[in-house]
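Working notes for the structure below.
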Amino acid sequence: MNAEINQLPPNVILWGGTGQAKVVRPIVEYYGAKVVAVFDDTPTLESPFPDIELHCGYESFQKWIKSQRREELGFSITIGNPHGRVRLRLHDLLVEEGLSPTIIVHPTAWIAENAAIGLGSQVMAGAIIAAEARLGRQCIINSNALVEHEAELGDVVEIAPGATVLGLTRIGINTLVGASATVLSRLKIGADVTIGAGAVVASDVPDKEVIHGQTKRPL
């Protein structure tokens, strides 16, 4: 298993001040780290936590970081798809600032020892990452989702609650697999694809497609 899993720095910032932040904070604190600030790009947004200040925008971050010890700071980007490419851009900016991307894994999730989890990824309660699966950077594997053996997920892929990705499937960057959807084995799913809730995908999908219902395997 990736050595960075659950080895959080003492302090963590969250970028994204809505529901995903509320899910991630308890996991950060479970492993003994502290959420010290929340950032978001929405000017009218209030902090999701009464005890933690929300700062608006990257300029605000640059002012805040001047008084911090970068070597003690990690970050988790708590923004879901369809904003995956925003997550990736923020990931690169924060790494350039000297912060460490944290891998967030709920204590009830199960990850195979030989699976690889990309930096900044989040694996939520009850999720399973099976043998030799590979996740890119900033993936989100939501509650009770399954990524089966030898599946490969590109950067900023999100697997919604209860969804299943079967073995040997390849999924491109910034694709969303909706709640309770199933992607069958040995498929190639393109980049920037949206698979709707409850869909069953049984054939390859090109880039930027939106899938609802059921696709059929070619004869």
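The values are calculated or read from the model by the stated rules, or taken from the named source; none is laboratory data. Please read all numbers here as calculations on a predicted model, not as lab measurements. Note that each Cβ is placed from the backbone with ideal geometry, even for glycine, and that neighbours are counted across all protein chains shown. In case anyone asks, the SASA skips ligands and DNA or RNA and just uses the protein heavy atoms, side chains included. Shrake-Rupley method; radii C 1.70, N 1.55, O 1.52, S 1.80 Å.
The alpha-carbon of Lys188 sits under 23 angstrom from the alpha-carbons of these lysines, leaving out residues fewer than 8 places away in its chain: Lys208, Lys216.
Of the options (1) 51, 42, 37; (2) 62, 36, 29; (3) 40, 39, 34, only one is Cα extents along the principal axes in Å as computed from these coordinates, and that is (2). By accessible area, using a 1.4 Å probe on protein heavy atoms only, region 62-219 has 52% of its surface on carbon and sulfur.
In terms of the Cα gyration tensor, with a ≥ b ≥ c the square roots of its eigenvalues, is region 49-98 rounded because a/c is under 1.5, prolate because a/b exceeds b/c, or oblate? Oblate, since a/c reaches 1.5 and b/c is not below a/b. Relative to the current alpha-carbon distance between Lys208 and Glu71, full extension at 0.36 nm per residue lengthens the span by 45.5 nm. Extension gain for the segment Lys34 to Lys63, taken as residue separation times 0.36 nm less the Cα-Cα distance, is 8.4 nm to one decimal. For region 86-160, the residue among Gly154, Leu99, Ala112 whose Cα projects farthest onto the positive side of the dipole built from Cβ charges is Leu99.
What is the distance in Å between the Cα centres of region 12-65 and region 161-215? Centre-to-centre (Cα) distance: 31 Å. Using the heavy atoms of the protein chains alone and a 1.4 angstrom probe, what is the accessible area of the chain per residue in square angstrom? On a per-residue basis, the chain sits at 45 Å². Ranking Ile173, Ser121, Leu14 by how far each Cα lies toward the positive end of the dipole of the chain (charges on Cβ) leaves Ile173 at the top. The loop-placed GluC sites (Glu not before Pro) in region 33-85, going by DSSP, that have at most 13 neighbouring Cβ atoms within 10 Å of their Cβ come out as Glu46, Glu53. Could you work out the longest stretch of the chain that avoids the trypsin sites (Lys or Arg not before Pro) located in DSSP loops with at most 16 other Cβ atoms within 10 Å? The longest uninterrupted stretch comes out as 70-185.
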